Amino acid sequence: MSDVSKAKAKKRIGVHVGVAGGSWTAVERAVAAGANTFQIFSSSPRSWKSAPVKPEDALKMQQLRAKHDVGPVAIHASYLINLCSQTESVRENSTMAFRGEVERALALGAEFLVLHPGSWKGLTRTEGLKLAAEGIEKAIEGLAWQGKDFRILIENTAGAEFSLGGKLEQVAELVEVLKPCAPVGVCLDTCHVHVAGYDIVSEDGYIETMLVVKDTVGFDAVKVWHCNDAKAAMGSKLDRHEHIGEGTIGAAPFRRLLHDARFDHSVFIAETPVDQPGDEARNVGVLRTLAAG
Ligand SMILES: [Zn+2]
Ligand SMILES: [Zn+2]
């Protein structure tokens, strides 16, 4: 096998999986879905409560990952976290919850922690940006992330009113502010890009949108692509994920993205709906097929 085809065969394609029975079970679910990378929640995404990682669970996860050559692993932070809320108590809860996310990610040996930048409703966008950066900085203070293969990835959002990160410029701004004090990178979501109003569907649109990526966050910073088709139209700002190839994006843009050498270093993780058993494997299979030809 040539080096090029080896790299292609090794392309990291995965899916968000559940953790019922312990976080390590996610590795088995990922492998069963044909994935060699995956994303999980490390606690309930809609609850402030969380339990610390059990050392034996972390060890099991590491052993299974090594056995099956699965990784990197992404953890998606809780949806409740809003580091730029206008309400101080929400900001405090969010900062503590995000600190817990970082602690659990480090304990599990996850490479990436994906975070939505939050909603600055009631404030200005500049204030929101400042609060988000301060919250992240405070949350990681004193934690042992230095020297680890670990990054907080700021995810672009669907561009709903007051939500930070619908524009790639805003993601880039936050990353720039954080760079001196935190290990940061970017997660781009195809559905969010599309419904936020960037054209990735037409060939010309794709070229133009990728120029925006280059000029804002830059290609190297994009560690993860969330691969989701969309139920809603381009520019609708409605975040509803659809199975790959069955939505308003369609299969062709995913093929283009998976073959785009500027993202050879990125991993591709679906967060597609699970309408029936086997949907995780089906979407991974579609991405794998698109990546192959
Ligand atoms: Zn996403
Ligand atoms: Zn989404």
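Odds and ends about this structure:
- For region 31-44, filtering for residues that are farther than 14 Å from ALA107 by Cα and out of contact with any strand residue (DSSP E or B) (no Cβ under 7 Å at 6 or more places or on another chain) leaves 4.
- Of all residues in region 101-125, those satisfying the criterion of being of a type in the set (Lys, Arg) and at pLDDT below 95 are LYS121, ARG125.
- Candidate set from region 260-275 (those that are within 14 Å of ligand 2 (Cβ to nearest atom) and of a type outside the set (A, V, I, L, M)); member that is nearest to ASP220 (Cα to Cα): GLU271
- The lone exception for VAL195 - which of (1) more than 23 Å from GLY135 (Cβ to Cβ); (2) at pLDDT below 95; (3) within 16 Å of ligand 1 (Cβ to nearest atom) it fails: (2)
- Restricted to helices (runs of 4 or more DSSP H) entirely inside region 179-293, those with at least 3 residues that are surrounded by fewer than 20 Cβ atoms within 10 Å (Cβ to Cβ) are 203-215, 251-258, 279-292.
- Hey, THR25 of a type in the set (Val, Ile, Thr), within 19 Å of LYS148 (Cα to Cα), crowded, with 16+ Cβ neighbours inside 10 Å and modelled with pLDDT of 95 or more or not: no
- The residues listed here are ALA66, ALA51, ALA107; of these, the one that is aliphatic (A, V, I, L, M) and either within 30 Å of THR126 (Cβ to Cβ) or in contact (Cβ under 8 Å) with a residue 40 or more places away in the chain (or both) is ALA107.
- Test result for GLU246, among the charged types (D, E, K, R), away from ligand 1 (no atom under 13 Å from the Cβ), closer than 20 Å to HIS16 by Cβ and modelled with pLDDT of 95 or more: yes
- Checked against the criterion of being among the charged types (D, E, K, R), within 16 Å of ligand 1 (Cβ to nearest atom) and either at positive phi or modelled with pLDDT of 95 or more (or both), the candidates GLU92, GLU155 yield just one match: GLU155.
- Any hit, region 225-246, residues being without any contact (Cβ under 8 Å) to a residue 24 or more places away in the chain and more than 28 Å from ALA172 (Cα to Cα): yes
- Out of GLY205, GLY128, one residue alone is over 24 Å from GLN39 (Cα atoms) and at pLDDT 95 or above. It is GLY205.
- The set of residues in region 222-235 being away from ligand 1 (no atom under 16 Å from the Cβ) and either over 12 Å from ILE200 (Cα atoms) or aliphatic (A, V, I, L, M) (or both) consists of ALA233, MET234.
- If you check ARG288, ARG262 for being in contact (Cβ under 8 Å) with a residue 60 or more places away in the chain, among the basic types (Lys, Arg) and away from ligand 1 (no atom under 16 Å from the Cβ), only one passes: ARG288.
- When the residues of region 29-52 are filtered to those that are of a type outside the set (Gly, Ala, Ser) and at pLDDT 95 or above, the one that is farthest from THR289 (Cα to Cα) is PHE41.
- On the stretch given as region 172-195, residues that are touching an Asp or Glu at 6+ places or on another chain (Cβ under 6 Å) and more than 16 Å from ligand 2 (Cβ to nearest atom) total 1.
- Extreme residue, nearest to ligand 2 (Cβ to nearest atom), among residues of region 217-259 that are among the β-branched types (Val, Ile, Thr) and more than 11 Å from CYS191 (Cβ to Cβ): VAL224
The values are calculated or read from the model by the stated rules, or taken from the named source; none is laboratory data. Nothing here was measured: the structure is a model prediction, and the numbers come from that model. All Cβ positions, glycine included, derive from the backbone under ideal geometry; neighbour counts span all protein chains shown.
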